[in-house]
Amino acid sequence: MAIDKKDAFDSTELSEAGSSRAIAPPTSAGGAHFEDTLLQDEIPQDAVPKYTEHALENVYIPAGGEEPPPEFTPYEAEFFISGREIVSHDLHLNQDGEALYRFLLSQSQVPPSYHLHCSGTHTEHKTRTVWRNDSQGRSQAHTEHYTETVTDFDFYIDLGPQIAHGPVHWSLPDAEPAYRGQMFMQVDSNELVSADPEAIHAEGRRKATKQEIKDAKQRKHLRKEYGLPPWVAPGPESWYNAAGAMPPPEAKVLASSRSLRDWADEYCASDKLLKEFTYTKVVYGWNIANLKEAVTAAIQSVYSNNVTVEFQLSHHKIRIRPDNRLSRTLSNGWLKFLLWILLIYPFIWLYKRFGRRGGGRWEVCGGAYALKTWRLAPYAEPPPPEANDGRWKETPDGLAHLIGEREGEWFQRWEGAIRGAVVRRIRSTTPLELVNTAALWLDGYRPGYTQ
């Protein structure tokens, strides 16, 4: 196969195991008309959106969360997959905090699924002829105009292999609104960032205010967009939006007075009939806001219609629920739907919300998985300044080394392939893979092999 080196789309082939298929551009027929979706030569370079510079690119993120657990024997519990979540009604997990803790540790060894989903659509305006009977019973032809949304490309890229470290078990800080055993959000402290994190103590649990909940949602959004771990305070807006703003030398680490094991013990001590414990897996490290704009700009350089770019996290929640008939019934989607139809579920909800032994939610801890992260290297020799590629940094904790592929490096590898997938109109639910077809002819070449 001859490959033109000037063609960025053909130098690396896209492949996926499954029913990936390239879709030829649609043609106008039968009264349908729409704009051409391949305007690569007609789009001026100045019209291609340029993604902005966000801060925090070189900020040292200190280690946080809990210390790695000691060696443990996994507890084998009954569980099942519901949708994209793990659900367990195991009796022992609801009675023994140690068993619950070991079950969560073993389940956390499997990272969540993380994918980039790209799709593009255009609207076709069509006409059709329909026959209707008039008042005298005679058939009359009528012309109808309607619109139809057509998907030009729709593909996924698996980002799971990019996870370089984890899990790190974490608990939300005492002042962060969260479900801590009730059906409403609570806080254990009034101070989010303590001057002395090691001396932090809970100040008494109370219901979170609306403003505290609103601020917490904003912090969660910023963490997700800018790749911050759960134990970091996102900080002032100037970190992200002000042009040329200098980020702080290191991020603020949040602290919690309770550990994962403490929350497991508290959950097991509760006698509520419809309680629920949720362990949440999160992925951090990459500036998703920047990367999303970069991918969108790459697609828009060869495609001029509606573009959707999103990062999808799945299989990231583990839910523990009581071993009783009512709780198991509510875990069954069909039975729950039937309870709604029979107007029984509203009464169950009222009992769960207001009953003394009704419901209680614990959504305050989880595991963090890094796409890139700083790791201290106290015995390593720092490279000379001219040889430092940004992966070495002097910090207050000592010399640190950045592990994991940076989002810019990943995008550089995939940029041409993403454009190629758009041009070829690929539609597939199976994640794409990069395959260098020219290298396959080399003696000893093995795709994905690293030494």
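Couple of notes before you dig in:
- Its Cα gyration tensor gives segment 293-350 an equivalent ellipsoid. The semi-axes, each the square root of 5 times an eigenvalue, are 43, 16, 8 Å from largest down.
- Every Cα-Cα pair in segment 309-448 was counted, and those over 24 Å apart are 66% of them.
- A Cβ-based charge dipole, computed about the Cα centre of segment 251-383 with Lys and Arg at +1 and Asp and Glu at -1, lands at about 600 debye.
- For the listed peptides 347-360, 131-144, a ranking on the average number of other beta carbons within 10 Å per residue, highest first, reads 347-360, 131-144.
- Segment 382-413 and segment 125-162 have Cα centres separated by 52 Å.
- Probe 1.4 Å, all protein chains present, accessible-area order of Lys220, Lys372, Lys292, largest first: Lys220, Lys292, Lys372
- Using distinct alpha-carbon pairs, which all enter the 1/r mean, Kirkwood radius of segment 96-140 in Å: 17.7
- Largest to smallest accessible area among His115, His315 [probe 1.4 Å]: His315, His115
- Stokes-Einstein translational diffusion, segment 364-443 - Kirkwood Rh over all Cα pairs, 1.567 mPa s, 4 °C, in µm²/s: 78
- Binned Cα-Cα distances of segment 280-382, short to long, each 5 Å bin given as a whole percent: 2, 8, 11, 12, 11, 10, 10, 10, 11, 8, 4, 2, 1, 0
- Protection proxy ranking, highest mean first, for peptides 253-259, 158-164: 253-259, 158-164, where packing is the per-residue count of other beta-carbon atoms within 10 Å, averaged.
- For segment 352-398, the average shadow cast by the Cα convex hull is 6.7 nm², which is a quarter of the hull's surface.
- Charge tally in the Cβ shell below 13 Å around Lys217, where Lys, Arg are +1 and Asp, Glu are -1, Lys217 excluded: +2
- Rg then Dmax, both in Å and based on the Cα atoms of segment 274-317: 16.0, 52.
- The heavy atoms of Glu415 present about 50 square angstrom of accessible area, all protein chains included, probe 1.4 Å.
- Basic side chains Lys and Arg get +1 at the Cβ, acidic Asp and Glu get -1 at the Cβ, and with that the dipole of segment 92-139 about its Cα centre reaches some 540 debye.
- Packing here is the average count of other Cβ atoms within 10 Å per residue, and on that basis the peptides 180-189, 76-85, highest first, run 180-189, 76-85.
The values are calculated or read from the model by the stated rules, or taken from the named source; none is laboratory data. Predicted model only: the values in this text are computed from it and were never measured. Methodologically, a virtual Cβ is constructed for each residue, glycine included, from the backbone with ideal geometry; neighbour enumeration extends over all protein chains shown. SASA here: full protein model, heavy atoms, side chains in, ligands and nucleic acids out. Shrake-Rupley method; radii C 1.70, N 1.55, O 1.52, S 1.80 Å.
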